[in-house]
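The values are calculated or read from the model by the stated rules, or taken from the named source; none is laboratory data. Keep in mind it's a predicted model, so treat the numbers as computed, not measured. No Cβ is skipped: glycine too gets one built from the backbone with ideal geometry, and neighbour counts run over all protein chains shown. Just so you know, the surface numbers come from the protein's heavy atoms only, side chains and all, with ligands and any DNA or RNA stripped out. Shrake-Rupley method; radii C 1.70, N 1.55, O 1.52, S 1.80 Å.
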Amino acid sequence: EIIFQLTNHTYVVYANIKVIDYYSYWLDEIMKTNITFNTYASYKNIVYNYIISEYGNLKMTTLNQSHIRKLYNSVATKSESVVRLVKTVMNTSLEHAVQRNVISTNVALDINLPKSIKKKEYRTLNIDSQNTLNIEQVKTLIKASKDTPIHLQVMFGVLMGMRISEINGLKYSDIDYINRKIFIERQLG
């Protein structure tokens, strides 16, 4: 049986790891350095408030599709956007667990969100014109910020669509003055 599992890459090396231990490790050691601060904060919220609070004492090997469905259903009653994030976290974390031989298969892979959650249209951008500045408002904003310490941040934000964390992480070496390009290399949360 073990030889069969080794051949099929389904052998579980670390069978006694609990959900709380794995997710704490995955969040702090694997994801923290690979994602932005805001994404990390969102993932941390999902891990501690939903996954660990629900299944923290279970072993990773006993986690199954019914646990995942139950989690999605309970979160879906609270928020549509949060359940989408829970699905992302579960798929990503369990795929990593498979690669590290903590579990044999990703049990969250083929589980869909509850039917009450509407599917988002693929690659559609909805611009709310009520919350978008027109040209006159942009000119007024730039003029009003002229003698303030945030003038450069306003310029980058309004004219280039950069986020605050991207502006704060910008260095002079990230700007190519000859080709007129800015390279977003880091974010400071």
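Which residue is nearest to the chain's Cα centre (by Cα), if the candidates are limited to the range 146-165 and must be surrounded by 14 or more Cβ atoms within 10 Å (Cβ to Cβ) and part of a loop (DSSP other than H, G, I, E, B)?
The residue in question is R163.
Table: residues versus (1) assigned to a loop (DSSP other than H, G, I, E, B); (2) more than 17 Å from I46 (Cα to Cα).
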position	(1), (2)
K78	yes, no
S81	no, no
V86	no, no
N91	no, no
L94	no, no
V98	no, yes
T105	yes, yes
A108	yes, no
I111	yes, yes
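Which is closer than 30 Å to L63 by Cβ, of a type in the set (A, V, I, L, M) and without any contact (Cβ under 8 Å) to a residue 40 or more places away in the chain, of L125, L170, L94? Working first, answer last.
Values: L125 fails: closer than 30 Å to L63 by Cβ; L170 fails: closer than 30 Å to L63 by Cβ.
Only one candidate qualifies: L94.
Among the residues of the range 33-56, write down those that are over 11 Å from the mean Cα position of the chain (by Cα) and either of a type in the set (V, I, T) or not in a helix (DSSP H, G or I) (or both).
Passing the criteria: T33, V47, I51, I52, G56.
When you scan the range 138-186, how many residues do you find that are touching a strand residue (DSSP E or B) at 6+ places or on another chain (Cβ under 9 Å) and among the β-branched types (V, I, T)? Explain how you work it out, then say what you get.
Initially, the range 138-186 is screened for residues touching a strand residue (DSSP E or B) at 6+ places or on another chain (Cβ under 9 Å), giving 156, 160, 162, 170, 174-176, 181-183.
Right, trim to among the β-branched types (V, I, T) and you get 175, 182.
Matching residues across the range 138-186 total 2.
Look through the range 72-86, keep the residues that are closer than 20 Å to I20 by Cβ and not aliphatic (A, V, I, L, M), and return whichever of them is least open to solvent (accessible area, probe 1.4 Å).
Y72
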